[in-house]
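Since every read-out is calculated from the coordinates, none of them should be taken as a lab result. Computed from a predicted structure; not experimentally measured. No Cβ is skipped: glycine too gets one built from the backbone with ideal geometry, and neighbour counts run over all protein chains shown.
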Amino acid sequence: MKDSQKKLILIITPRKKGGPWQWGADLVEELNKTSEFKAEHIFKIRDKLLSPFRLKARIIHTTNPLAWTVSARPLILTIHGKYYGIWKFFYRLGIAKASTISVPSKFLKTSLDIERAIVIPNAIDLSKFTQTNIAQRDFFNILTVTKFWFPGKARGVAELARIMFDLAKEFEKRINWRIVGFGPFLEDVKKSINTMDKPNNITVQWFGFDLPQKYFADSDIFAYFSHEDNMPIAIMEAMAVGLPVVTNKIGAVNEIINSGKDGFIVSEHQAYQNTLLKLMNDVVLRRDIGAAARKKIKEKFSWQTILPKWIELYKNLLK
């Protein structure tokens, strides 16, 4: 089919390059590989304002509850997380006017109490994540990736620090705990961690705003702890490269991880510490869990699996 004959879909996301922005960019990239649809990523303010008047677009697919259209075209609202304050009002309006509501997890559907929402999970482009080589060595690199824009996530890193420092006291080898992430709560977390009793055999390395992919290949374990989350992309990306993941029970992580099979979900501090120690002392277990994690992403959360769900939805709305 000629490009001019393909059905145009406008994917509207925030301008800021975060999770929803990346989701939109990836969805557009995947849709433009199909024979039936073409898509544009709309994130600049001017383009958002003009999008309702793009009459050649067959579907408006947005993460913004304020989006609208001047014709009877389908309007899909995708919600990636909980909303607070004045945004509750705007999302209620957006939900009322949207043709379809989608969320990435059963957890979020239940939390938001949107009965008509359909669940289409976040997806990973596995071709962008090379499987890491997990090997036995004389030190450990443990990676944490998070956003310090939310107090619940920041508090989780401080809590994880206490676990990591207690772990180091029981482990002879050197541990490099590498933290990737940025946000307004970052400095507060650093100050809090600096006041803790840190053993000499563990170093805390802060990498701020950077690409997590730069650190996957040289990491041994991915450790995550948060008190505010839905479906952490950071966990899914770590699984995609074959890293064993340890996380507390938060949000929809139990929809991603089958604990003990392709990762570990443990919330109590001693159990979390024991799980890390078990992995650190068993390279075969790290490889097995990592391989199962990558397999899970390929079978359940790759674009090859998720894109057909979006295409089916678009086709049904255009009938």
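Full extension of the chain segment joining residue 194 with residue 271 gains 25.3 nm, where the gain is 0.36 nm per residue of separation less the Cα-Cα distance.
As an exercise, identify the trypsin sites (Lys or Arg not before Pro) in segment 176-274 lying in DSSP coil whose Cβ has no more than 14 other Cβ atoms within 10 Å. Intermediate results must be reported in sequence, preceding the final value.
Values: sites: 178, 190, 191, 214, 249, 261; in loops: 249, 261.
When the trypsin sites (Lys or Arg not before Pro) of segment 176-274 are filtered for loop state and at most 14 Cβ neighbours within 10 Å, 249, 261 remain.
Helix 283-296 and the longest principal axis of the Cα set of the chain meet at an angle near 10°. Around the Cα centre of segment 127-300, unit charges on the Cβ atoms of Lys, Arg, Asp and Glu (plus for the first two, minus for the last two) sum to a dipole of about 340 debye. Our estimate of slack between residue 213 and residue 99, defined as 0.36 nm per intervening residue step minus the Cα-Cα distance, is 37.4 nm. When the charge dipole of segment 127-300 is built from unit charges on Cβ atoms (+1 for Lys and Arg, -1 for Asp and Glu) and taken about the Cα centre, the candidate among 144, 176, 236 whose Cα reaches farthest toward its positive end is 236.
Count the lysine pairs in segment 144-241 whose Cα atoms lie under 17 Å apart, taking only pairs 8 or more positions apart in sequence or on different chains.
Values: 147/190; 147/191; 147/214; 153/190; 153/191; 169/198; 173/198; 190/198.
Number of lysine pairs found: 8.
Label separation (residue 4 vs residue 205): 5.4 nm, computed from points 7 Å beyond Cα along the C-beta direction. In the chain, a dipole from Cβ-located charges (positive for Lys and Arg, negative for Asp and Glu) runs towards its positive end, and of 305, 76, 251 it is 76 whose Cα lies farthest in that direction. Between residue 135 and residue 305, the C-beta separation translates, for a Förster distance of 30 Å, into a calculated FRET efficiency of about 0.50.
The distance linking segment 40-75 with segment 165-219 is 42 Å (Cα centroid to Cα centroid, whole angstrom).
Length gained on full extension, residue 317 to residue 72, computed as 0.36 nm times the residue gap minus the Cα-Cα distance: 87.1 nm. Exposed loop positions in the chain were taken to be chymotrypsin sites (Phe, Trp or Tyr not before Pro) whose DSSP state is not H, G, I, E or B and which have at most 12 other beta-carbon atoms within 10 angstrom. Between these positions, the longest stretch is 85-208. Applying the criteria of a DSSP loop state and at most 15 other Cβ atoms within 10 Å to the GluC sites (Glu not before Pro) of segment 22-114 yields 36.
Quick one: in the chain, what % of C-alpha pairs are over 28 Å apart? Intermediate values should be presented prior to the final figure.
Numbers: 21952 of 50721 pairs.
Considering the chain, 43 percent of its Cα-Cα pairs are separated by more than 28 Å.
Pick out, in residue order, every one of the GluC sites (Glu not before Pro) in segment 138-236 that is DSSP loop and has at most 14 other C-beta atoms within 10 Å; say none if there are none.
Details: sites: 159, 170, 172, 187, 228; in loops: 170, 172, 228.
Those satisfying the criteria are 170, 172.
Within a 10 angstrom radius of the beta carbon, how do 147, 298, 169 rank from fewest other beta carbons to most?
On the way: 147 21, 298 15, 169 12.
Neighbour counts put them in this order, fewest first: 169, 298, 147.
Normalising the average separation of contacting C-alpha pairs (under 8 angstrom, six or more residues apart) by the number of residues puts the relative contact order of the chain at 16 percent.
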